[in-house]
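Each value in this text was obtained by applying a stated rule to the coordinates, not by laboratory testing. Nothing here was measured: the structure is a model prediction, and the numbers come from that model. Cβ placement follows ideal geometry from the backbone for every residue including glycine, while neighbour counts extend to all protein chains displayed.
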Amino acid sequence: MPDLDPAHFSAAPYQDHIGPRRQYMRDVILGVNDGLVSIFLLVAGVVGGGLDAEQVLLTAVAGAIAGAISMAAGEYIATKSQEEVFAAEMQLEAEHLRDHRDYERAELREMFGDLGVPEARLDDLVDIIDSSDEAMMGVMGAIEFGVVDTEKRNPWLAAIASGFLFLAGSLPSIIPFIFVDDTGLGLAIAGILSGIVLFVVGAAKTAFTRTNPLISGLENLSIGLVGGLLSYTIGRIFDAAVF
C-alpha cells in the first residue's frame, strides 16, 4: 500500500484545510463586525445628537436587540432560501440526467475542458463519471452549481451565529454607559473598547484567511473609526440644526 503521509511527498509542513467550519465564517465575521460597528455608530450618533447617558444606554440596548433579531431572522431566511434554490436545481438536474443524458454529457465534457482537462482524456473522464448516476449528480452539482454536501449551511446555525455574535459585538458600546454618566467619556471608552475588538477580530480571522494579521486588523479598525467619526458628525449637525 502506498505511503500517503504528506511528509513523504514534500519537506514543507502539511496544513489542514479549515473543514466544516468554513461555510460559517461569513456568519461569524459579519455578526460580530456588524454588532461592533453598527452599535458604536449608533452610540456615536446619539451622543453627538445630545442625548444623556441613560438615553444613550436605552438606545444602544434597543438597537442591539433589534439588530440581533434582524440579523438572525434575515440570515435564517436567506440561508434557507439559498438551500431551497439549490435543492430545486438539483431536482431539475436529476430530470435532465433522466431525459437528456446526451446533453448533460456534452455539458460535462465542455466544463471539464474549461477546467483544463486535456482534449484526449475528456471522453474517458466523462464515461467514467457517467457510469454512475450518483457520480453524475455529485460532479454536475459541484461544478455547475457549486453545491457540495459538506459546504451546505444549516439555516438555524447560521441564524444563531449571526444573532448572538451581533449581541456580543454590541457589548463594547453598551457597557460603558452602564457605569458612566458623562456621555463624552462613555463614547471615548466605547470607542477604545470597540477599536480593540475590531482590531483583534480583523487579526484573528487571518488564522483562516492566511493573510497579514496587522493589515487585516488595521483595515477592520479603520472601518469602525471612519464610520464612528461620520456618525458623530452627523449627530452634531442634527443637534445644531434641530435643537
Checklist entry - Pick from 27, 99, 52: which is most flexible by mean-square fluctuation in a GNM of the chain where alpha carbon atoms under 10 Å apart are linked? => result 99
Checklist entry - Could you give the distance between the Cα centres of the range 29-93 and the range 136-202, to the whole Å? => result 9 Å
Checklist outcome for this item: For the chain, averaging the sequence separation of alpha carbon pairs under 8 Å that lie six or more residues apart and dividing by its residue count, the contact order in percent is 39 percent
Next on the checklist: I'd like to know which of 234, 111, 74 lies farthest towards the positive end of the charge dipole of the range 23-237, counting +1 on Cβ of Lys and Arg and -1 on Cβ of Asp and Glu.
Outcome noted: 234
Checklist outcome for this item: Note, the range 159-174: 3J(HN,Hα) by Karplus (6.51, -1.76, 1.60, θ = phi - 60°), whole Hz, Gly/Pro = x, goes 5, 5, 4, 5, x, 5, 6, 4, 4, 4, x, 7, 4, x, 8, 8
Next on the checklist: What's the magnitude of the charge dipole for the range 68-193 around its Cα centre, counting Lys and Arg as +1 and Asp and Glu as -1 at the beta-carbon? Answer in Debye, nearest 20.
Outcome noted: 800 debye
Checklist entry - Rounded to the nearest 500, what is the chain's calculated 222 nm mean residue ellipticity when only DSSP H runs of at least 4 contribute -39500 (n - 2.57) each, over all residues? => result -26000 deg cm²/dmol
Checklist entry - So, with +1 on the Cβ of K and R and -1 on the Cβ of D and E, and no other charges, what is the size of the charge dipole of the range 23-237 about its Cα centre, to the nearest 20 debye? => result 1340 debye
Checklist entry - Under the Karplus relation 6.51 cos²θ - 1.76 cosθ + 1.60, θ = phi - 60°, what is the ordered set of whole-Hz ³J(HN,Hα) values for the range 97-103, x standing for Gly and Pro? => result 5, 6, 9, 9, 4, 4, 5
Item to check | Stokes-Einstein D for the chain, Kirkwood Rh over Cα pairs, 10 °C, 1.306 mPa s (µm²/s) | outcome: 73 µm²/s
